[in-house]
Amino acid sequence: MGISSFTNMPQDSLNRFFISIVLPAILAIVLFILAIFVVILPSSEKNIMEGKKEMITELTNSVCSLMEEYQQEALKKQIDPDSARALAVDRVSRIRYGGEQKDYFWIIDKQPIMIMHPYRPELVGNSMINYQDPDGKFLFMESVRTVEESGEGFIDYKWQWKDDSTRIVPKLSYVREFKSWDWIVGTGIYLEDVRLEIRLLKNKLIRVALIITLIICILLTIIIRQSLVIERKKKTAEDALLLSREKYKSLVEAATEGTLMMVEGEFVFSNFCFSALSGYTHEEVRSLIFEELFSLKMQNLAADFKDPKKSISRESMLLCKDDSQKEVVISASLINFTGQTGYIFVIKELNSQMHFEKDHELLSGELQTLLMMMHQPLKVIAREIRSIHADASIREAIKIMSRKQNDILFVNHGKKIVGVINQHDLTERVLATGLDPDKKVIEIMSSPVVTLSENALLYEGLLKMKKRGLSHMALMGPKKKITGAVGFREIGGMQENMAGFLINEIAVAEGEEQLKRIYRRLPVLVKALSESGGQTAIINRIICSVGDAINRRFIDLAMEELGPAPCKFAFIAMGSQGRGEQTLTTDQDNAIITVNMQESYRQEAQAYFQVLAKKVNMELDAVGYRFCQEEIMASNPKWNRELNGWKKYFSEWIGNSNPKDILDAAIFFDFRYIYGEKILVDLLRTHINKASKGKSVFFYHMARSINQMKIPVKLDDHSLDMKKVLLPVTSYIRLHAIRENLSATGSMERAAELQEKGIFNPSLLEELTQAFDFITHLRIRSQAASISRNEAPGNTIDSRQLDRIEKMILKKHLQDITRLQTRLSGEFSSTE
C-alpha cells in the first residue's frame with residue numbers, strides 16, 4: 001500500500017499531492033511550534049513577571065494604608081507620635097505572605113537607617129549608607145534615590161533567601177515612600193520563584209505541543225492513506241473508461257453532472273458526482289433498479305420519448321442511501337450502445353435558485369389572484385352596520401361595542417345616519433380627556449360620515465381611506481341608503497394573510513431543517529409582494545412576524561429538550577428586529593432578562609439560560625439569521641442577565657454618557673418582547689423612562705452621535721449603503737421617543753405617536769414616512785433581486801440601476817435627511 005501506491009502515482013499527481021496536503025501540514029506544525037516559543041512563551045513570561053510586580057505593589061500600598069491609620073490616630077492625639085510609629089513597626093514586622101508565609105516587609109528612613117527588618121534584626125538602628133550586596137550594589141542607597149526621584153519604584157539586588165541567611169539569591173523589590181514619617185517601605189519577590197514558575201509553564205507547553213504535534217502527524221498519516229486510496233480508485237476508473245471508447249464518448253456527450261448509464265434495463269455506469277449525490281457506490285448502483293433510485297417509474301419515462309433524438313426532463317425524488325430524499329431534475333437521452341437500447345440520465349439537484357424561481361412562479365399566481373380580488377366590489381367584504389341613537393350615552397355605546405365585539409358604531413337620528421364613533425374616538429375624546437361617560441354620543445362622534453358606493457372596487461376603497469386617514473368607511477347602496485361598513489385593516493390585511501400559512505407552519509415545525517425550508521420561502525414571498533406594489537410597512541411586518549415566530553419556535557423546542565426554565569424570563573429582540581424593521585439580510589441582536597434570583601439557585605439558573613441561549617442562537621444562524629459580529633446575543637453572558645443587571649446597564653449608559661458609548665448602546669433602547677414574561681420587559685422600560693428623565697447631557701450626546709453620521713448628498717458614489725443612509729432617520733426618531741417615554745419601538749409607530757403629542761408636525765411626519773418607506777423599498781427590492789440570482793443579499797444598491805424618477809426621489813430624501821441632522825443640532829444645542 002505504502003511505497004507501491006506512491007510509485008504507481010504519476011509524477012504530476014505526486015507533486016500536487018505533496019504541495020496540497022503534505023506541505024501545508026508540515027508548515028502548520030512548524031508554525032504551531034514557532035508560535036509557542038516565539039509568541040506564547042515570551043508573552044507568558046512577561047505576564048507572570050508583571051503579575052508579581054503588581055502583587056508586591058498592591059501589598060506595599062496596603063501596608064502604607066495601615067501605617068496611615070496609625071499616623072491619623074497620632075494626629076487626632078489618640079496616641080503620641082512615637083507610640084504610633086512603634087505600633088506601626090510592630091504590626092508590619094509581623095505581616096507575612098506567600099506560599100510558605102515567609103515573605104515580609106522592611107522599613108528604612110532616608111538616611112538610610114534600618115527601622116525594621118524581621119529576619120535581620122542586627123541591622124535595625126544601623127546606617128545602611130555603605131551596605132552592599134555580594135555584587136557590590138548599594139541597595140539601600142538605591143532605594144532612597146528611587147523614592148526621591150519618583151516616589152516609588154523597583155530595584156534588583158541579591159539578598160538572603162527568606163529566613164535562610166546562608167543562601168544568597170537574586171531579588172526584585174518594590175519600594176515606596178511613606179511621606180508622613182519620611183520612611184521607605186519595601187518588599188520583594190525572589191527571581192528564582194518566578195523562574196521556577198516560568199520553567200513549569202514552559203515544560204507544560206512543550207508537553208502540550210508534543211502531544212498536538214503527534215496528533216497532527218497521526219491525522220496527516222490517515223489523510224495521506226485515504227488520499228492515496230482515492231487517487232488509486234480514480235486512476236482505476238480512468239483506466240476502465242479508456243477500455244470502452246464508445247462508452248466514454250457517450251458519457252461526455254450526455255452531461256457533466258451526476259450521470260447514470262442504463263443498458264437493457266440495467267445500470268452499467270455511474271459517475272462520482274452521482275455517488276456524492278446519492279451516497280451509493282458504483283457497484284451498489286449496478287445492483288439497483290430504476291424505481292429503487294427514483295420516485296418515477298422507468299416504464300412511464302420511456303413512454304414519454306416522442307422523438308428519440310430529443311432528450312426529456314422530469315422532476316423526481318432521488319432516494320438516497322441514507323433514506324433521505326432530494327428533489328432532482330432528470331434529463332434523459334436515448335442512445336444506441338453497441339446495438340443495444342440505452343439511456344443516459346443526467347441528474348441535477350434542485351438548487352436554491354431553482355426553488356426560488358419555482359416558488360416565485362407559484363406566489364406570483366397567488367398575487368395575481370389577490371389583485372383580482374382587489375378589483376372586486378366593496379360589498380363582498382362589507383359588515384353589517386351597528387347603530388345607536390344620538391341621545392344615547394357614551395356608556396351605552398361602550399357596552400354595545402364590547403358586547404357585539406365591534407370597533408365602530410354609527411350614530412342615527414331617526415332613520416338618518418348622522419355620525420360615527422370608533423375605538424380611537426373613545427380613547428382620544430373620552431379616556432384621554434376624562435369626559436363623563438354619561439354624556440351623549442353626539443358629543444364625541446365624527447360627522448359627516450364618509451361614504452363610498454358599495455359597488456366601488458376594493459382598491460378604490462383602500463386608496464380613499466389611506467388618502468383621508470380613515471379607519472372605516474360606510475357603504476352607500478341604492479336610494480342613498482347606508483348598507484354596510486368596511487375597515488382599512490380588513491382590506492390592507494389581505495396582503496398580510498399571505499404570510500399566515502408560513503407562520504402556521506413555523507408553529508408546528510419539529511426542527512432546524514423544517515424551519516430552514518420555511519425560511520427559504522420568505523424571500524420569494526417578499527419579492528412577489530415587492531413586485532406587485534405591496535406596502536413597505538406590510539412587507540416589513542411580514543418579515544418580522546416570520547422572524548419572531550422562528551425565534552419563538554426555537555425557544556419552545558430548546559425548552560422541550562432542556563426542560564422547563566428554573567425561573568421566569570423574557571427573550572427580547574433589539575436593533576432592526578426590535579423595531580420590527582428587519583429586511584432579508586439581518587443578523588441576530590437578542591438578549592435574555594431573568595427575574596432577580598436568590599444566591600441559592602442563581603448559578604444553576606444561569607447555566608440553564610446560557611445553554612438555552614447558545615442553542616437558540618446557533619439554530620437561528622443555521623436557518624439564516626447570522627451571528628452578530630459584535631456578539632450582541634443572548635449566548636453572550638454579558639447580555640444574559642437578571643433584571644437588576646439590565647437596569648444597571650441602562651443607568652450607566654444614561655448617567656455616564658459619552659457619544660461613543662451612546663452610539664454603541666443605541667440598539668439596546670429598541671428592545672422588544674419576543675417570548676416569556678412580558679412584565680420583565682415592561683419593568684425595564686419603566687426604569688429607562690425614570691432614569692432618562694431630565695438627563696439633558698445624555699440626549700445632547702445622543703444628538704451629537706446622530707449628527708456625526710455621514711451620508712451622501714449626491715449619487716456620485718454608485719454603491720450606496722441604504723442601512724447607513726436610513727440610520728439618522730431611525731436614530732432621530734429613537735432620540736425623541738426615549739425623551740417622551742414612548743413604549744413603542746417601531747420607527748413609524750414612534751413617529752406617529754410623536755406627531756400626536758405635538759413633538760413632530762404633520763409635514764415632518766410625512767417627510768420621515770416617505771423617506772423611510774422609499775429607502776426601505778429600494779433596500780428590500782435589491783435584496784430580493786440578489787437572492788433570485790442566487791447571490792448573498794446585502795444593504796448596498798447600485799444607483800446606476802435606478803431609473804430617472806427614482807434617482808430624483810432618492811436625492812430629495814438624502815437632502816431631507818441632511819436637513820434633519822441640521823434640525824437636530826438646533827433642538828439639542830447644549831447640555832443645559
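Points to keep in mind about this one:
- Against the list (1) among the hydrophobic types (A, V, I, L, M, F, W, C); (2) at pLDDT 90 or above; (3) assigned to a helix (DSSP H, G or I), the condition Ile662 fails is (2).
- If only residues of region 634-650 that are of a type in the set (Lys, Arg) and assigned to a helix (DSSP H, G or I) are counted, the one that is surrounded by the fewest Cβ atoms within 10 Å (Cβ to Cβ) is Lys638.
- Taken over region 320-347, the criterion of being open to solvent by less than 50 Å² (accessible area, probe 1.4 Å) and within 37 Å of the chain's Cα centre (by Cα) is satisfied by Cys320, Ser324, Val328, Val329.
- Among the residues of region 801-832, those identified as over 19 Å from Asn707 (Cα atoms), hydrophobic (A, V, I, L, M, F, W, C) and touching a residue at least 24 places away in the same chain (Cβ under 8 Å) are Leu802, Ile809, Leu810.
- Among the residues of region 396-436, those identified as farther than 23 Å from Thr483 by Cβ and over 49 Å from the mean Cα position of the chain (by Cα) are Glu396, Asp436.
- Filtered residues of region 712-722 (kept if surrounded by fewer than 21 Cβ atoms within 10 Å (Cβ to Cβ) and under 24 Å from the mean Cα position of the chain (by Cα)): Asp721
Rundown of residues vs (1) out of contact with any Cys (no Cβ under 9 Å at 6 or more places or on another chain); (2) in contact (Cβ under 8 Å) with a residue 12 or more places away in the chain; (3) over 17 Å from Gln821 (Cβ atoms); (4) open to solvent by less than 20 Å² (accessible area, probe 1.4 Å), yes/no style:
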| position | (1), (2), (3), (4) |
| --- | --- |
| Lys724 | yes, yes, no, no |
| Leu727 | yes, yes, no, no |
| Ala771 | yes, yes, no, yes |
| Ile775 | yes, yes, no, yes |
| Gln783 | yes, yes, yes, yes |
| Glu791 | yes, no, yes, no |
| Ser799 | yes, yes, yes, yes |
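- Residues (under 22 Å from Gly279 (Cβ atoms), polar (S, T, N, Q) and either in contact with a strand residue (DSSP E or B) (Cβ under 8 Å, 6 or more places away or on another chain) or not in a loop (DSSP other than H, G, I, E, B) (or both)) located in region 298-328: Ser316, Gln325
- Residues of region 409-447 that are assigned to a helix (DSSP H, G or I) and surrounded by fewer than 19 Cβ atoms within 10 Å (Cβ to Cβ): Gln423, His424, Thr427, Glu428, Arg429, Leu431, Ile442, Glu443.
- Only one entry in Gln577, Gln582 is closer than 20 Å to Leu515 by Cα, assigned to a loop (DSSP other than H, G, I, E, B) and either open to solvent by less than 70 Å² (accessible area, probe 1.4 Å) or of a type in the set (Gly, Ala, Ser) (or both), namely Gln582.
- In region 277-297, the qualifying residues are those that are crowded, with 17+ Cβ neighbours inside 10 Å and either β-branched (Val, Ile, Thr) or not in a loop (DSSP other than H, G, I, E, B) (or both), and the one that is farthest from the chain's Cα centre (by Cα) is Phe290.
- Cross-chain or 6+ apart pairs with Cβ under 6 Å, region 587-615 first and without any contact (Cβ under 8 Å) to a residue 24 or more places away in the chain, then open to solvent by less than 40 Å² (accessible area, probe 1.4 Å) and of a type in the set (S, T, N, Q): Lys614/Ser635
- Annotation: of all residues in region 585-626 being open to solvent by 90 Å² or more (accessible area, probe 1.4 Å) and not in a helix (DSSP H, G or I), the one that is nearest to Ile780 (Cα to Cα) is Arg626.
- Boolean, Pro121 is of a type outside the set (D, E, K, R), free of Cβ contacts under 8 Å to residues at least 24 places away in the same chain and surrounded by fewer than 14 Cβ atoms within 10 Å (Cβ to Cβ): yes
- Flag if Asp133 is in contact with a helix residue (DSSP H, G or I) (Cβ under 9 Å, 6 or more places away or on another chain), acidic (Asp, Glu) and within 21 Å of Glu54 (Cα to Cα): no
- When residues of region 163-203 are limited to those that are at pLDDT 85 or above and either in a helix (DSSP H, G or I) or within 17 Å of Leu41 (Cβ to Cβ) (or both), the one least open to solvent (accessible area, probe 1.4 Å): Trp181
- Of all residues in region 60-94 being open to solvent by less than 50 Å² (accessible area, probe 1.4 Å) and under 52 Å from the mean Cα position of the chain (by Cα), the one that is farthest from Gly151 (Cα to Cα): Leu66
Yes/no per residue for (1) modelled with pLDDT of 80 or more; (2) in contact with a His (Cβ under 9 Å, 6 or more places away or on another chain); (3) farther than 22 Å from Ile538 by Cβ:
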position	(1), (2), (3)
Ile421	yes, no, yes
Arg429	yes, no, yes
Asp436	yes, no, yes
Lys439	yes, no, yes
Ile442	yes, yes, yes
Lys467	no, no, no
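- Between Gln78, Gln72, Gln101, the distinction of being of a type in the set (S, T, N, Q) and part of a helix (DSSP H, G or I) belongs to Gln72 only.
- Residues of region 81-98 satisfying the condition of being at pLDDT 90 or above, under 21 Å from Trp159 (Cα atoms) and not in a loop (DSSP other than H, G, I, E, B): Val92, Ser93
- Members of region 212-232 that are open to solvent by 100 Å² or more (accessible area, probe 1.4 Å) and either among the β-branched types (Val, Ile, Thr) or touching a His at 6+ places or on another chain (Cβ under 7 Å) (or both): Ile230
- With respect to (1) over 29 Å from the mean Cα position of the chain (by Cα); (2) open to solvent by 70 Å² or more (accessible area, probe 1.4 Å), the lone exception for Phe828 is condition (2).
- Taken together, the criteria place Ser731 among residues that are closer than 26 Å to Ser696 by Cα, in contact with a Ser or Thr (Cβ under 8 Å, 6 or more places away or on another chain), part of a helix (DSSP H, G or I) and touching a residue at least 60 places away in the same chain (Cβ under 8 Å).
- Test: residue in region 740-762 that is among the basic types (Lys, Arg), crowded, with 19+ Cβ neighbours inside 10 Å and under 22 Å from Met574 (Cβ atoms): yes
- Screening Lys812 with (1) open to solvent by less than 30 Å² (accessible area, probe 1.4 Å); (2) farther than 30 Å from His687 by Cα gives one miss only, at (1).
- Test result for Glu496, acidic (Asp, Glu), in a helix (DSSP H, G or I), at pLDDT below 85 and under 13 Å from Leu378 (Cα atoms): no
The values are calculated or read from the model by the stated rules, or taken from the named source; none is laboratory data. Small disclaimer: the values here were computed from a predicted structure and weren't measured. Note: ideal-geometry Cβ built from the backbone for every residue, glycine included; neighbour counts use all protein chains shown. The protein model used for the area step is the full one, side chains on, heavy atoms only, and it has no ligands, DNA or RNA in it. Shrake-Rupley method; radii C 1.70, N 1.55, O 1.52, S 1.80 Å.
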